[in-house]
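First comes the structure, then the notes that go with it.
Values in this text are rule-based calculations from the coordinates and carry no lab data. Just so we're clear, the structure is a prediction, and the values are computed from it rather than from any experiment. Using ideal geometry, Cβ is built from the backbone for each residue, glycine included, and neighbour counts are taken over all protein chains shown.
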Amino acid sequence: MPTATHCPYCALQCGMTVTPTPVGLEIGARDFPTNRGGLCQKGWTSADLLTSGARLTTPLARDRRDQPLRPVTWDDALDRVAEAIRATQSAHGLDAVGVFGGGGLTNEKAYTLGKFARVALRTSAIDYNGRFCMSSAAAAGTRAFGVDRGLPFPLPDLAQADTILLVGSNPAETMPPFTRWIGDQHAAGGSLIVVDPRHTPTARRAALHLQVTPGTDLALANGLLHLVIAGGHIDEEYVRERTTGFAAAAEVSAAYWPERVERITGVPVADQRAAVELLVRARRAMVLTARGAEQHSKGVDTVSALINLALALGLPGRRGSGYGCLTGQGNGQGGREHGQKADQLPGYRRLDDPAARRHVARIWGVDPASLPGPGRSAYEMLSTLGEPDGVRALLVMGSNVSVSVPSSRRVHDGLSRLDFLAVTDLVLSETAAGADVVLPVAQWAEESGTMTNLEGRVLLRQQALAPPQGVRTDLDVLAGLAKRLDAPGSWPTEPVVVFDELRRASAGGPADYAGITYERIAAEDGVFWPCPAETHPGTPRMFLDRFATPDGRARFVPVEHRPVAEDIDAEYPIYLTTGRVLQHYQSGAQTRRIAPLAEAAPEPLVELHPDLAELCAVDEGDRVRVISRRGTAEGLVRITEMIRADTIFMPFHWGGRGSVNLVTNAALDPISRMPEFKVCAVRLERIG
């Protein structure tokens with residue numbers, strides 16, 4: 001019988017079915033509200049890895065770093081991890097043991113991982129790869145609206161918008177079923193404006209493409225606000241009744257006249273005016289951001305500038321209008337709500353809030369004073385690996401840090417200096433290959449659990465088949481380690497039991513799941529948080545009456561453009577920007593092991609404009625080095641007129657010589673601690 005579940009990849013969390021058959025697993029598409037019967041190539045092939053020979057089915061360990069991994073029993077593997085934790089903390093202190101999680105973990109796993117770090121390990125050294133995904137938009141949304149939920153409205157609202165301004169996103173390749181909503185919007189007479197240095201498949205659908213210089217989105221946003229104000233298009237009643245701080249933001253925007261913005265961004269004045277005309281004549285409009293705007297050392301301020309534009313037009317909190325962020329990872333929303341982030345407790349509570357500490361400690365059965373304080377952010381923690389005052393032993397769950405971090409040579413070196421590294425994974429990823437212990441864990445169709453998609457809709461993944469013999473769940477792993485470490489409290493391994501505890505821990509917090517149950521999720525096609533009681537209908541649309549700030553008003557935040565952390569110069573004269581391709585996902589640890597996807601995109605391509613190709617003396621198909629001040633990556637040339645002549649694009653799904661994150665810049669946003677993945681200075685060299 002088919003089991004109703006959800007795709008294991010992006011934050012759209014498309015509804016699908018999994019059916020075991022005599023010849024393997026059959027994937028079907030469900031008519032679910034997010035995807036309406038559609039799947040992308042990744043979704044259709046998602047079951048291939050579950051039965052792949054690349055699966056790990058027994059724990060692996062090595063006795064010394066110069067010896068290979070070999071099979072061991074589960075008891076031996078867990079004993080080794082527990083002994084290493086005890087020895088490290090005894091010699092170097094509690095914070096010498098670190099935990100690194102992932103935005104693809106279920107809510108139950110993310111919750112338990114945060115609890116494990118703070119109760120079993122009592123370490124502040126925990127963060128996760130979602131820091132590299134959503135942190136800038138989350139910080140900007142919180143300071144404007146008082147709470148962060150990627151889309152504070154359901155996806156069908158997109159189809160009702162007369163104009164959508166989409167900044168730094170290419171959903172035609174990163175989440176193809178999402179574009180059905182854009183298609184509906186277009187069919188109803190709506191217009192799409194895309195801001196992107198590349199003329200992507202998404203930009204080709206747009207009525208207007210603003211092809212910005214990488215790293216200048218903030219200046220463009222301030223310039224659009226300038227034109228809205230100058231043209232007398234402010235929604236004055238909305239600004240007066242529902243916001244605060246407009247005057248300061250308006251004063252800053254006065255310095256961003258169109259000609260200056262054109263010099264900074266490369267976007268012609270006529271196109272700036274055309275964008276504003278599409279926005280102001282719309283009865284309903286939306287401003288949407290994604291990683292292209294956010295993965296910068298000024299990502300928070302960039303998103304704030306775009307929120308300022310949305311507020312000036314009176315969009316947030318109106319049906320069919322608003323500001324939203326397109327979350328990337330499968331549980332990028334839920335993963336940042338329940339405690340695996342360095343400064344956070346379940347329910348999107350702050351770790352430094354005494355009331356929050358008391359509430360969660362009561363659920364966990366521990367003294368609030370025993371909970372550690374906030375720790376370092378993801379890259380800052382990883383930068384301390386192997387250092388005397390840093391992390392000396394690390395547990396990685398749901399992440400491939402060897403490939404996914406910027407300026408990754410430094411992290412590679414840190415991983416090699418660790419006293420101990422343990423990794424849970426389904427395959428021998430680049431990170432797992434260097435571990436002292438590798439624990440094989442179950443995957444999406446082999447266990448149940450909840451995910452929270454980009455709308456804030458809590459979904460239920462249902463188990464369709466048993467894990468392979470010898471494979472355990474992440475919850476089993478954490479419970480086994482907690483027992484060996486004599487951790488206080490209970491450590492359930494049944495997802496529904498963990499979720500009930502999560503509900504209690506989140507109750508009263510910004511992300512309140514108290515009224516959400518597995519039964520409701522299945523019956524209602526998901527439930528939107530906040531949902532404080534089982535009689536509460538959930539909250540598909542936020543901010544209709546008030547914002548989640550103390551006074552109920554949204555906040556304008558005055559922000560100034562500043563240059564990229566590393567601009568081009570004579571030695572490194574080309575901008576590099578990075579992103580995803582249709583066939584692969586994140587670090588590629590899974591998709592590179594699925595034959596149809598690997599055959600379609602076997603290695604990274606370096607996209608560049610014909611003029612730049614001529615200047616660099618390279619031809620289509622040449623192998624080239626992309627060189628920055630930090631390292632070198634290799635790929636094959638693809639010549640296209642769809643990119644700016646001063647910019648190259650390279651995807652980030654590969655390790656080894658093809659790893660673009662050997663090149664990228666780790667300059668951090670001062671608020672979100674997001675690295676500047678999206679722009680750095682490079683040069684290009686032909687190989688051979």
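In this simple spin-label approximation, D352 and R520 carry label points 7 Å from Cα along the Cα→Cβ vector, and these lie 3.3 nm apart.
Relative intensity of the stretch 569-665 on a log10 scale, I(q)/I(0) at q = 0.15, 0.19, 0.20 Å⁻¹, equals -0.56, -0.89, -0.98, per a Debye sum over C-alpha point scatterers of equal strength in the absence of solvent. Entry for the chain at q = 0.07, 0.09, 0.12 Å⁻¹: log10 I(q)/I(0) = -0.43, -0.73, -1.36, Debye formula applied to identical alpha-carbon scatterers, no solvent contribution. Ranked from largest, the principal axis spans of the Cα set of the stretch 519-625 equal 66, 46, 20 Å. Taking amide H positions as modeled 1.01 Å from N, with prolines and chain starts lacking one, no residue 5 or more places away or on another chain lies under 5 Å from G538.
Above 14 Å, the calculated P(r) of the stretch 637-680 contains 60 percent of its Cα-Cα pairs.
What base-10 log of the normalised intensity I(q)/I(0) is obtained for the stretch 351-412 from the Debye formula, alpha carbons as equal point scatterers, at q = 0.17, 0.20, 0.21 Å⁻¹? Here log10 of I(q) over I(0) equals -0.74, -0.84, -0.87. On the beta carbon distance between T535 and R362, with R0 = 30 Å, the FRET formula returns roughly 0.80.
R0 = 25 Å: FRET efficiency of E571 with R623, Cβ-based, nearest 0.05? The pair E571/R623 has a calculated efficiency of 0.70.
In order along the stretch 2-15, phi translates into HN-Hα couplings of x, 9, 6, 8, 9, 4, x, 9, 6, 6, 5, 6, 4, x Hz, rounded to whole numbers, per the Karplus curve 6.51 cos²θ - 1.76 cosθ + 1.60 with θ = phi - 60° and x for Gly and Pro. Over the stretch 9-52, the alpha carbon radius of gyration divided by the compact-protein estimate 2.2 N^0.38 Å works out to 1.15. Checking every one of the GluC sites (Glu not before Pro) in the stretch 534-612 against DSSP loop status and a limit of 11 other Cβ atoms within 10 Å picks out E571.
Comparing G141, A54, A110 along the charge dipole axis of the stretch 1-151, the residue lying farthest to the positive side is G141, per the Cβ-charge model. With the gyration tensor restricted to C-alpha atoms of the stretch 148-273, the semi-axes of the equivalent ellipsoid amount to 26, 20, 13 Å, longest first.
For the stretch 240-247, backbone phi angles converted through the Karplus equation (6.51, -1.76, 1.60; θ = phi - 60°) give residue-by-residue couplings of 5, 8, 10, 9, 9, x, 4, 4 Hz, Gly and Pro being listed as x. Taking the Cβ of T452 as the center, what net charge do the other residues with Cβ under 15 Å away carry, scoring Lys and Arg +1 and Asp and Glu -1? That works out to +1. The trypsin sites (Lys or Arg not before Pro) of the stretch 284-377 that DSSP puts in a loop, and whose beta carbon has at most 15 other beta carbons within 10 Å, are R319. For a 22 Å ceiling on Cα separation, which of these pairs sit above it: K42/K678; K109/K678; K115/K298; K115/K341; K109/K483; K115/K483? Checking Cα-Cα distances, K42/K678; K109/K678; K115/K298 exceed 22 Å.
For the peptides 56-63, 231-238, 137-144, the ranking by packing is 137-144, 56-63, 231-238, with the highest mean count of neighbouring Cβ atoms within 10 Å listed first.
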